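Report on one structure; see the data block that follows.
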Amino acid sequence: MSIAYHLAELVQKLRTTDIPSRKGNLLQARGYYERFMKLLDSYDMLSRSDAKLWEAYTEDKEHFSTANTKDAAARREVKIARFREEKELKQKLEYIRANPKLAENDDSTIRDLHLTNLTHQTHQTFASLESLAQELHIISLAPPPSSTPSHAFSPNDPDARDPTRESAASTDRLDTTIPLSTRYTGPLLSKTGKPLRPFTLTGSSMSRSQMTRDVFRPDHSLPTMSIDQYLEEERKRGGIIEGGGEQSGIREVVDEDDLDKADEETMKARAWDEFVEGNPKGSGNTINRG
């Protein structure tokens with residue numbers, strides 16, 4: 001009894017990018033599902049709820065839905081109820097199949113297994129019929145395929161018959177290598193100063209290679225010196241303060257035989273002592289007291 005159901009599943013899983021072929025597969029799968037449901041109905045094997053769904057499908061198969069109601073909450077409740085029922089059927093099938101000894105020499109258990117399997121297939125059939133109706137509706141909204149591609153060659157195209165079309169069009173290209181002066185003849189300006197043919201203004205000493213380099217040069221300024229060269233220039237200008245680090249803590253040793261250097265250090269120390277005596281610590285912080 002399940003042959004038509006399995007055929008419908010197989011045809012529905014066929015994938016193709018061609019819309020007419022896909023539509024044909026969907027219609028064929030729907031026919032197999034209908035044959036399976038008609039067989040169950042003829043043997044009176046549908047439950048009361050499934051029989052009502054089958055009746056609703058036969059009345060309007062193009063807009064079939066397992067929750068045929070406009071109330072969103074009611075539709076949700078119907079979907080949940082059918083999901084729970086299908087889940088229970090799966091669990092029951094898995095339990096019987098996992099314990100084959102239950103069906104040994106027990107006709108009632110075997111019969112119950114087959115009926116449960118048919119009920120589960122009925123649930124799957126209604127879900128597939130709903131999915132098929134939605135996909136067929138989407139396909140019906142797709143534009144019809146074009147009979148001839150837009151880029152197809154037409155023998156009546158005058159441009160296609162004209163052998164000089166390519167050569168004539170090539171003379172109008174902007175990147176042509178033919179100079180303007182050879183393509184246009186005659187005077188450049190009229191007596192009133194109006195241009196009579198296209199021309200390009202260039203410097204007197206600018207060559208074609210120089211113009212090419214100017215056009216394809218980068219949009220940013222390139223460096224004119226290296227980092228080492230820049231630091232050397234800054235060092236020459238006095239823009240770099242050298243010292244610090246470990247070298248800053250090393251005091252210069254004064255040669256005792258250099259009397260001029262010793263006198264200079266003595267006068268510097270004496271001047272510092274006089275400054276400290278004349279400016280005791282904290283004397284500068286008067287807090288606006290004068």
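Return the total of residues in the range 64-80 being of a type outside the set (D, E, K, R) and either farther than 16 Å from residue 127 by Cα or loosely packed, with under 13 Cβ neighbours inside 10 Å (or both).
Of the residues in the range 64-80, 5 are of a type outside the set (D, E, K, R) and either farther than 16 Å from residue 127 by Cα or loosely packed, with under 13 Cβ neighbours inside 10 Å (or both).
Looking only at helices (runs of 4 or more DSSP H) that lie completely in the range 1-86, which have at least 2 residues being under 21 Å from residue 136 (Cβ atoms) and of a type in the set (Gly, Ala, Ser)? Give the derivation first.
Values: elements: 3-12, 19-42, 48-59.
Those helices (runs of 4 or more DSSP H) span 3-12, 19-42.
All of the numbers you see were taken from the coordinates with simple rules; none came from a lab. Please read all numbers here as calculations on a predicted model, not as lab measurements. Quick reminder, even Gly has a Cβ in these numbers, built from the backbone with ideal geometry, and neighbours come from all protein chains shown.
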